[in-house]
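Enquirer: Dumping the structure here so I can ask a few things about it.
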Amino acid sequence: MDWLNYHHLHYFWVVAREGSVTRASELLHLSQPTVSGQIRELEKAMKAPLFAKRGRGLVLTETGQAVFRYADDIFALGRELMDTVSGRPIGQPLRLRVGVVDVMPKLIAHLLIESALRMPESVRVVCSEGKLDRLAAELSIHNLDVILSDATLSPAVKAKVYTHLLGECGVVVVGVPKLVAAYTPGFPKSLDGAPFLLPSEGTSLRRSLDQWFEKHNIRPVIRGEFEDSALLKTFGRSGEGLFAIPSAVESDIQQHYGVERVGIADGVRERFYAISVERKLKHPAVVAISEKAQLSFHESNAK
């Protein structure tokens, strides 16, 4: 019978989690050669490489990803064992580490993540926000379980991840009642010269809106460009300009920001994705998010 050296496995697990031997060595209070040597011993036992070099860092090989998942479960069970024998409470909530791309509409993110918190099983959500490429790096070393994004990962970003389409919906133009009254007649031609608030350049929605404006020969007066979708809506609520939103959360945005529909941006679609290291979604909370998305976007498209 082959015996697993759990010291070797623990050193591997820390390196995979931290993304470098240097940071792992600091946490383990061991020298880098010692940690590297222990990992080589584990690779010898596994008869396969567990890491590959990428730039100045390390990424998990396919075998390494499988070993990491087992190691995660093994050390989680170990912590539960210590909790049990020491009298501390067990049955901790299922943890969901989710990264949200910073330009993604916050109400969409809330709609999806909330479904995980409505599961019969207790769930603890840990949310991170940032640029897609940075979140993908965190995902690749298993610091995240899933990324919620409004765009797919660029081929230039070399990360072994899988993109799952959660759903898509239309886009509507909204504004405060005064602007709605002024620009609804003759829509969309009426938007030529209208004050408009736009997401920042390079975002998926911005590209789609620019193409839509070009198609209809519309030249709005851009009053502001925003990375933060919530900040954009706050300016929209104050009447600084019209703005575009996903139809899936139109009723919520109308209620929260006191705006009304001007018209539908025909042909413009917003798509939302779950990005994971797994070809098939397995984490129960991520599966719940996927199921909620399919239902919500189906209902939105049916309206």
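Enquirer: Let me spell it out: the conditions are (1) among the hydrophobic types (A, V, I, L, M, F, W, C); (2) within 24 Å of PRO199 (Cα to Cα); (3) surrounded by fewer than 16 Cβ atoms within 10 Å (Cβ to Cβ), and LEU117 meets all of them except one. Which number is the exception?
Expert: (2)
Enquirer: If I ask for residues that are touching a Pro at 6+ places or on another chain (Cβ under 8 Å) and either surrounded by 21 or more Cβ atoms within 10 Å (Cβ to Cβ) or at negative phi (or both), which ones from segment 174-197 would you list?
Expert: Residues satisfying the conditions are LEU179, LEU191, ASP192, ALA194, PRO195, PHE196.
Enquirer: A further question follows. I'm trying to understand the selection: among the residues of segment 27-54, which are of a type in the set (D, E, K, R) and farther than 20 Å from LEU4 by Cα?
Expert: LYS53, ARG54
Enquirer: Would you confirm whether or not segment 125-138 contains a residue that is closer than 15 Å to GLU278 by Cβ, assigned by TED's automatic domain parsing to the domain that holds PHE272 and in contact with a strand residue (DSSP E or B) (Cβ under 9 Å, 6 or more places away or on another chain)?
Expert: The answer is yes, given that some residue of segment 125-138 is closer than 15 Å to GLU278 by Cβ, assigned by TED's automatic domain parsing to the domain that holds PHE272 and in contact with a strand residue (DSSP E or B) (Cβ under 9 Å, 6 or more places away or on another chain).
Enquirer: Can you tell me which of (1) without any contact (Cβ under 8 Å) to a residue 40 or more places away in the chain; (2) over 19 Å from the mean Cα position of the chain (by Cα) is the one VAL262 doesn't meet?
Expert: (1)
Yes/no per residue for (1) of a type in the set (Lys, Arg); (2) buried (at least 20 other Cβ atoms within 10 Å of the Cβ); (3) closer than 30 Å to PRO188 by Cβ:
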{"site": "ARG269", "(1), (2), (3)": "yes, no, yes"}
{"site": "VAL286", "(1), (2), (3)": "no, yes, no"}
{"site": "ALA293", "(1), (2), (3)": "no, yes, yes"}
{"site": "PHE297", "(1), (2), (3)": "no, yes, yes"}
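Enquirer: Six or more apart or on different chains, Cβ atoms under 7 Å: show the pairs whose first residue is in segment 213-239 and surrounded by fewer than 15 Cβ atoms within 10 Å (Cβ to Cβ) and whose second is at pLDDT 95 or above and in a strand (DSSP E or B).
Expert: VAL221/PRO195; VAL221/PHE196; ILE222/PHE196; ILE222/LEU198; GLU225/LEU198
Enquirer: Still on this structure, please answer the following. Go through LEU197, LEU165 for me and flag whichever is in contact with a Gly (Cβ under 8 Å, 6 or more places away or on another chain), in a strand (DSSP E or B) and not acidic (Asp, Glu).
Expert: None of the other options fit; the residue is LEU197.
Enquirer: Return the total of residues in segment 8-54 being outside any helix (DSSP H, G or I), under 13 Å from ILE141 (Cα atoms) and of a type in the set (Gly, Ala, Ser).
Expert: 3
The values are calculated or read from the model by the stated rules, or taken from the named source; none is laboratory data. As the structure is a prediction and not an experimental result, all values here were calculated from the model. Virtual Cβ from ideal backbone geometry, glycine too; neighbours counted across all protein chains shown.
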